[in-house]
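One structure is given below, encoded as structure tokens.
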Amino acid sequence: MIPSAPPDALEQRTLRAHLEARLARVRAAQPTYPRTTRDIGVIAVLRAFDPATFAAAAYHFAAALPDSRSRPWYAAFTRTIFLAGDPRNLADRHPFDHVSPDGSIAWYAPAPLTSREGLRRLLRPLRGPRGLTAPLTQEVPLGNGNAVARLDVPVTGLPIEDYLVHVNHVIAEATLDGLLTGRGHLLLHHLPAPPPPAAHNARIRVVPDPGPPIRLRAHAYLTL
């Protein structure tokens, strides 16, 4: 009888499969934009942070992008820089491309980041405390469809700036890949600890563990 792999080995194998699948999707887009991917990025300016407001804004921003702008961004791993500031003070000197309904988050569409140096010098990178609320469940409106998606995010010890990065990557890339098309709501769940990856996870945000470099760590789980 062949012994089965230990649970931790199976989990690492699943995480690696999700990571390699993401790398393959990005590499497939890169030959179309070979010279732009190093410098292309999005900037988001936040006056305040609310998880549901941020998730909705990330979705609607990505969904509104034309292919001519979204595909180079995708090829650049949906790179996004988060700055702290008030969009109301930027409209004249630095007009933005999208703003959340409550005016708390402004988004600047994908462009060479060298073209945004004035904005980046004006505002500081967003930094926040650890200690996001968990457990927490919020319903995020996406559109008029009846189907629902779910995003589980383990938040214990996670700074806000890292939370924004992980959640934005998952939502933006799932949106650009059409996975959230026709879904009316996203159920956003904050968890105190990571769940084991499951077969029904459509996407998992995977990064190298800051401890042992050969290990992988999951930060967000999308289920359709």
Exercise. Where does helix 7-29 land angle-wise versus the long Cα axis of the chain, in degrees 0 to 90, nearest 10?
Worked result: 40
Seminar exercise, completed: Per the rule of 0.36 nm per residue minus the C-alpha distance, extending Leu191 to Glu139 adds in nm 17.2 nm
Seminar exercise, completed: Given a Förster distance of 45 Å, the FRET efficiency implied by the Cβ-Cβ spacing of Ala9 and Asp92, rounded to the nearest 0.05, works out to 0.20
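Using the Cα gyration tensor of segment 60-149, with a ≥ b ≥ c the square roots of its eigenvalues, what is the shape: rounded (a/c below 1.5), prolate (a/b larger than b/c) or oblate (neither)?
Working: a/c = 1.67, a/b = 1.22, b/c = 1.38.
Verdict is oblate for segment 60-149.
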Exercise. Which value in deg cm²/dmol, rounded to the nearest 500, describes the helix-derived mean residue ellipticity at 222 nm for the chain, given -39,500 (n - 2.57) per DSSP H run of n ≥ 4 and division by the residue count?
Worked result: -10000 deg cm²/dmol
Exercise. Could you give the length gained on full extension between Ala199 and Leu122, defined as 0.36 nm per residue of separation minus the Cα-Cα distance, in nm?
Worked result: 23.3 nm
Exercise. So for segment 108-164, Kirkwood radius off the Cα pairs, Stokes-Einstein at 25 °C and 0.890 mPa s: how many µm² s⁻¹?
Worked result: 164
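Could you tally the net charge around Val140, taking each other residue with its Cβ under 12 Å from the Cβ of Val140, Lys/Arg +1 and Asp/Glu -1?
Here the count lands on 0.
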Seminar exercise, completed: Quick calc: nm separation of the 7 Å Cα→Cβ label points for Glu20 and Arg47 -> 4.7
For this session: With a ≥ b ≥ c taken as the square roots of the eigenvalues of the C-alpha gyration tensor of segment 2-135, please select rounded if a/c is under 1.5 and otherwise prolate if a/b is larger than b/c or oblate if it is not?
Result: oblate
Exercise. For q = 0.13, 0.18 Å⁻¹, what log10 I(q)/I(0) does the chain give under the Debye formula with an equal point scatterer on each alpha carbon and no solvent?
Worked result: -0.78, -1.48
Exercise. Please report, for the Cα atoms of segment 41-107, the Rg to one decimal and the Dmax as a whole number; what are they, in angstrom?
Worked result: 11.7, 31
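None of the figures in this text is laboratory data; all of them are computed from the coordinates on show. This is a predicted model, so every value here is computed, not measured. Don't worry about glycine lacking a Cβ; one is built from the backbone with ideal geometry, like all the others, and counts go over all protein chains shown.
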